[in-house]
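Below is one structure, written out as structure tokens, with a few remarks after it.
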Amino acid sequence: MDRKPIDLKEGKYVIQVEAMKKSEDETSAMSPYLSNNTILTKLSSQFYVTLMLNEEQTITGLQIKNKHDEYTNSIDQHIDTASNTRYEIFQLDEFQTILNARVQYKVEHDGKTFEGDEELRLVFDAQSIQNVDDIDFE
């Protein structure tokens, strides 16, 4: 998989995303906790990526690497307790088909608590980009 820049006109888009292991072309254990649909907004020269996390209490933290190779936290988040989801909004100077990310998690299993901090890749399907104005939601 190649990392390629994606440039768009100003607007709001939907794009498919998949959580992949950091250095292998295999699905990450994060995959079930990340919605396949991402909202991508371009305003001026900034990109805003909105990721939806399922079982939001399991994912205790999420960061995306910026162009300076630094992990950055979301600039905003919204928790929907009824659906057990969380929306995380990240601001980026550039948007590419692959973004390096880092996730912290806490899982209860058989009376034990497992915690971790893993690096992964968010792989976006450039072919799936749709302007929300062009989507028929009916």
Out of 75, 59, 6, I need the residue that is of a type in the set (Val, Ile, Thr) and farther than 26 Å from residue 135 by Cβ. Which one?
59
Output for the range 36-65, where each listed residue is exposed (fewer than 15 other Cβ atoms within 10 Å of the Cβ) and not in a strand (DSSP E or B):
36, 44, 45, 55, 57
Got a number for residues in the range 33-54 being in contact (Cβ under 8 Å) with a residue 40 or more places away in the chain, under 11 Å from residue 124 (Cβ atoms) and not hydrophobic (A, V, I, L, M, F, W, C)?
1
What are the pairs, 6+ residues apart or on separate chains, where a residue within the range 116-138 that is touching a residue at least 40 places away in the same chain (Cβ under 8 Å) has its Cβ under 7 Å from a residue that is of a type outside the set (A, V, I, L, M) and in a helix (DSSP H, G or I)?
none
Residues of the range 78-115 being among the hydrophobic types (A, V, I, L, M, F, W, C), free of Cβ contacts under 8 Å to residues at least 24 places away in the same chain and either assigned to a strand (DSSP E or B) or within 23 Å of residue 129 (Cα to Cα) (or both), in sequence order, are 79, 114
If I filter the range 118-138 down to residues being acidic (Asp, Glu) and not in a strand (DSSP E or B), which single residue comes out as farthest from residue 99 (Cα to Cα)?
138
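So for the range 9-28 (the condition being aromatic (Phe, Trp, Tyr) and farther than 16 Å from residue 128 by Cβ), does at least one residue qualify?
So in the range 9-28, the residues aromatic (Phe, Trp, Tyr) come out as 13.
Remaining after also requiring farther than 16 Å from residue 128 by Cβ: none.
Checking the range 9-28: not a single residue is aromatic (Phe, Trp, Tyr) and farther than 16 Å from residue 128 by Cβ.
Among the residues of the range 13-32, is any among the hydroxyl-bearing types (Ser, Thr, Tyr) and touching a residue at least 40 places away in the same chain (Cβ under 8 Å)?
yes
Throughout, read-outs are computed from the coordinates displayed, never taken from laboratory work. Fair warning: this is a prediction, and the values are worked out from it, not measured in the lab. Methodologically, a virtual Cβ is constructed for each residue, glycine included, from the backbone with ideal geometry; neighbour enumeration extends over all protein chains shown.
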